[in-house]
Amino acid sequence: MQKLYATLALSAALLPVTHAAEAKKGTKWYEEMQIGPAWSNTFGDYLKGEKRTAALKGILLDLGDGNRALFDTETLRLVTVFNGGIEWGGTPWTGAHGPLVTLGNKEALVNTASGPGWADQGGSFEDKRATAGYGNLKDASFKGYFRSGKTIVFDYVVNGVSVQEIVSQKDGVFTRTLKVGKRDKDLVLLVSDDGSSADLKVAAGGDIKISDDAKTPGRKIGTIAKGGETVVQLAFGKGGEPKPAAAPDFAALQKGGEPLWPGTIETAGTVSEDKESPYATDILTLPTENPWNANLRFGGFDFIDEDSAALSSWNGDVWTVKGLKGDWKNLKWQRIASGLFETLGVKVVNGAIYVNGRDQITQLIDLNGDGETDHFKTFNRDVIITANFHEFAFDLQTDKEGNFYFAKASPVKGGGRGFDRILDHNGVVAKISPDGAKFEVVATGLRAPGGLAVGPNGEITTGENEGTWQPRCKINFAKASQLPVFWGTEDARHALKDAKYLEPLCYLPMEVDNSGGSQVWVDKKAKFGLAENELIHLSYGQSSVYRVLPVKRGDTLQGGVVKLPIKLQSSAMRGRFHDDGSLYLLGFRGWQTNAATECAFQRVRYSGETLPVPDKLEYTPTGVKISFASKLDAELANDPSSYGVERWNYVRGPMYGSGEFSVDEVDAAAEEAALAKESKGVRKHDTVTVESAKLTADGKTVELVLAGMKPSHQLKVSFDLEGTEGEILKGDIFATVYKD
């Protein structure tokens, strides 16, 4: 039972971004979720009656009483100010694969056209980005924002000059207040464009002059003369001369203010009493019943310390939970941030919380000690995005040197087949320097990786989902010395034009994994029944945890997976080992998953019992060797009928996924046809005879001689054995065997 430890007065300014009148019984959950005064997202809107993409990296400000303003953080442009609601869209909200969250600004007071919000150092508003319309401007950069209560202070730099901006509204008058640093040249900003209200009136306050732009009909610009630090204002209204609001105290607003989400919510976790299984799964009960109707589909987490963790949600929340070291009867949850952009990764470095969203990596800073985030500081925002619904930014990890990594999906078309326009950072693994200053691509050719891991020696692994150029889900693996690498999706090759496709460690059939998550390397503090530096693969689609059984292949790895006996309440997306040696797992239910519940945060404890799964896989010229941790019953181990073996191949090509094709009786025509027409209806497996099975001298390893050991994309080895103590050892290995 959840307890609320605060009585909250919820103001109109914190209502969800929809008409207040719609916040009633019968509305959708996303219409009732209180997002807060700043919401980062890709937004659509209307300009001259036509729908458009208003801002790829936008922040929508809730100014109260249905008044809103949209700011584009790439172009540093005030896109629109208006009174009204929105047309809901966006995959994390409505589930729709395509439509954007669209502003209902058909009768907006102010609108501006796409492009820079400030003139560059040469006085031009021309979009000179490498790809017009996408990415950061050369002469302008967004540094984040401060939040004090419901007031947002944008922090950015234009032509080397510091600018801080507050947008406010009172009695129908919108005010832009800008604190501008010392400058050697005039600064010119975009005020409004054709498409704004015919009744729009603009008034200036301070050292700024408004004029018509001689180059663009219908455009008004503001010129701030060179000089020392100053505060200027623009007031927008209808009728008469709008009067700017009283200038705020910028310094005071950057020290933290009243909390938006005061207090904590207490839950009681469920600790498993299972003493029969090798793994017991405990449940950290989530604060799903909260006064802000926040939807908690957590997709990223990390430990702050031994007793607490930070979790981020697909819908842009960040929460902390305390009480991990106790008996779990009093877990205390606090909502510390909201309104971020599809945050599916968290990393804590020296106590600092970093969150990865589609728009940027953000450092969350609490300035006044109340637990809530007051400073949303940009750590790195070099990633280029499009408006595509499928362009997820997965995970956030670091290596030994402190570099950050995340994986980026490609912009799949609705329905999953083919791609929308591909830009430089679609389908990549990105590496960001420890200070956030350098962004580089270390892997390309990804479609929908789901998550990643960084190994003890800089190895990079990712999951992958089947689709165009991806015949099945798989585990990608690359050593640090192999980077950068190309992982198969031809549309997302980017600079690696001539790079050879680095084949995966293994392919995974649909029943094993139909949607991959992260991987987890077993570290030295783990008490999990696995050796240090072993690799674990998480399946979002099958809500399962797999032990990876690597087989050396030249400079890289091949091998397979076997399922660990772990029962989960939801999907498996992210995992980290706690200092107590247990594995914490996090996952939610979106689509393409069999997850039993909407979201779960779980602790998996190892009982100390010998695991009933193999711990080693080897390939021989005549078959395979499989090793276990416990000694095997010799009679069953030496009986070929204790095993079943199948194999098949896939076709990698431009179609969605692949059929399953015979290795022994190659149908060249069918495989050729699979390059032009979907072949998933094809299922031609080879049943491979186990000619002999021999238990080796150690009593733990069995060598199988197969009727022809051949390379195959998928090798399935089933086993039904017993240990010498009577323990049941039954399961399947799914592996990939390469020629070399």
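Points worth noting:
- Take the conditions (1) hydrophobic (A, V, I, L, M, F, W, C); (2) modelled with pLDDT of 95 or more; (3) under 29 Å from Phe174 (Cα atoms); Ala246 misses just one of them, which is (2).
- Scanning segment 134-145 for residues that are open to solvent by less than 20 Å² (accessible area, probe 1.4 Å) and either among the aromatic types (Phe, Trp, Tyr) or assigned to a strand (DSSP E or B) (or both) yields Ala140, Phe142, Gly144, Tyr145.
- Restricting Pro287, Pro242, Pro278, Pro262 to those that are in contact (Cβ under 8 Å) with a residue 40 or more places away in the chain and open to solvent by 30 Å² or more (accessible area, probe 1.4 Å) reduces the list to Pro262.
- Flag for Val158 being within 28 Å of Ala252 (Cα to Cα), in contact with a Pro (Cβ under 6 Å, 6 or more places away or on another chain) and of a type in the set (Val, Ile, Thr): no
- When residues of segment 48-77 are limited to those that are in contact with a strand residue (DSSP E or B) (Cβ under 7 Å, 6 or more places away or on another chain) and of a type in the set (Val, Ile, Thr), the one most open to solvent (accessible area, probe 1.4 Å): Thr53
- Qualifying positions in segment 420-441 - open to solvent by 10 Å² or more (accessible area, probe 1.4 Å) and touching a helix residue (DSSP H, G or I) at 6+ places or on another chain (Cβ under 9 Å): Ile422
- Given (1) under 18 Å from Phe528 (Cβ atoms); (2) out of contact with any strand residue (DSSP E or B) (no Cβ under 6 Å at 6 or more places or on another chain); (3) open to solvent by 30 Å² or more (accessible area, probe 1.4 Å), index of the condition Arg605 fails: (2)
- Residues that are touching a residue at least 40 places away in the same chain (Cβ under 8 Å), part of a loop (DSSP other than H, G, I, E, B) and open to solvent by 30 Å² or more (accessible area, probe 1.4 Å) were ranked within segment 290-312; the one that is farthest from Leu568 (Cα to Cα) is Pro291.
- Residue satisfying all of: in segment 201-222; surrounded by fewer than 16 Cβ atoms within 10 Å (Cβ to Cβ) and under 41 Å from the mean Cα position of the chain (by Cα); farthest from Tyr46 (Cα to Cα) among these: Thr216
- The residues of segment 497-511 that are free of Cβ contacts under 8 Å to residues at least 40 places away in the same chain and under 25 Å from Arg547 (Cα atoms) amount to a single one, Glu511.
- Among the numbered conditions (1) of a type in the set (Lys, Arg); (2) closer than 19 Å to Val551 by Cα; (3) outside any strand (DSSP E or B), the only one that Lys625 does not meet is (3).
- From Leu557, Leu530, residue being within 28 Å of Ser410 (Cα to Cα), of a type in the set (A, V, I, L, M) and open to solvent by 10 Å² or more (accessible area, probe 1.4 Å): Leu557
Here's the yes/no breakdown for (1) among the aromatic types (Phe, Trp, Tyr); (2) farther than 11 Å from Pro471 by Cβ:
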position: Ser641; (1), (2): no, yes
position: Tyr650; (1), (2): yes, no
position: Gly657; (1), (2): no, no
position: Asp667; (1), (2): no, yes
position: Ala674; (1), (2): no, no
position: Val690; (1), (2): no, yes
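- Test set (1) outside any loop (DSSP other than H, G, I, E, B); (2) modelled with pLDDT under 95 - Glu273 fails condition number: (1)
- Test: Ala198 is out of contact with any strand residue (DSSP E or B) (no Cβ under 9 Å at 6 or more places or on another chain), assigned to a loop (DSSP other than H, G, I, E, B) and either aliphatic (A, V, I, L, M) or surrounded by 15 or more Cβ atoms within 10 Å (Cβ to Cβ) (or both): yes
- Residue check for Trp328: over 24 Å from Gly517 (Cα atoms), aromatic (Phe, Trp, Tyr) and out of contact with any helix residue (DSSP H, G or I) (no Cβ under 7 Å at 6 or more places or on another chain): yes
- Check on Phe628, free of Cβ contacts under 8 Å to residues at least 60 places away in the same chain, aromatic (Phe, Trp, Tyr) and in contact with a strand residue (DSSP E or B) (Cβ under 8 Å, 6 or more places away or on another chain): no
- Checklist (1) more than 23 Å from Asn514 (Cβ to Cβ); (2) touching a helix residue (DSSP H, G or I) at 6+ places or on another chain (Cβ under 8 Å); (3) open to solvent by less than 20 Å² (accessible area, probe 1.4 Å) applied to Gly659, failing item: (1)
- When each of Lys677, Lys710 is tested for being within 15 Å of Pro621 (Cα to Cα) and among the basic types (Lys, Arg), the lone residue that passes is Lys710.
- Some residue of segment 438-447 being farther than 26 Å from Val651 by Cβ, part of a loop (DSSP other than H, G, I, E, B) and in contact (Cβ under 8 Å) with a residue 12 or more places away in the chain: no
- Residue within segment 78-98 that is surrounded by fewer than 22 Cβ atoms within 10 Å (Cβ to Cβ), closer than 15 Å to Ser168 by Cα, at pLDDT 95 or above and not charged (D, E, K, R) present: yes
- Some residue of segment 672-691 being within 16 Å of Tyr507 (Cβ to Cβ) and assigned to a strand (DSSP E or B): yes
- Residues that are over 23 Å from Asp186 (Cβ atoms) and either assigned to a strand (DSSP E or B) or modelled with pLDDT under 95 (or both) do not occur anywhere in segment 114-128.
- Residue identified as aliphatic (A, V, I, L, M), surrounded by fewer than 20 Cβ atoms within 10 Å (Cβ to Cβ) and either at pLDDT 95 or above or farther than 28 Å from Val520 by Cα (or both) among Ala407, Ala352: Ala352
- Qualifying residue in segment 663-671 (condition: touching a Ser or Thr at 6+ places or on another chain (Cβ under 8 Å), part of a strand (DSSP E or B) and surrounded by fewer than 21 Cβ atoms within 10 Å (Cβ to Cβ)): no
The values are calculated or read from the model by the stated rules, or taken from the named source; none is laboratory data. Predicted, not measured: the structure shown is a model, and the values here were computed from it. Note that we place each Cβ from the backbone using ideal geometry, even for glycine, and neighbour counts take in every protein chain shown. The area values use the complete protein model at the heavy-atom level, side chains included, leaving out ligands, DNA and RNA. Shrake-Rupley method; radii C 1.70, N 1.55, O 1.52, S 1.80 Å.
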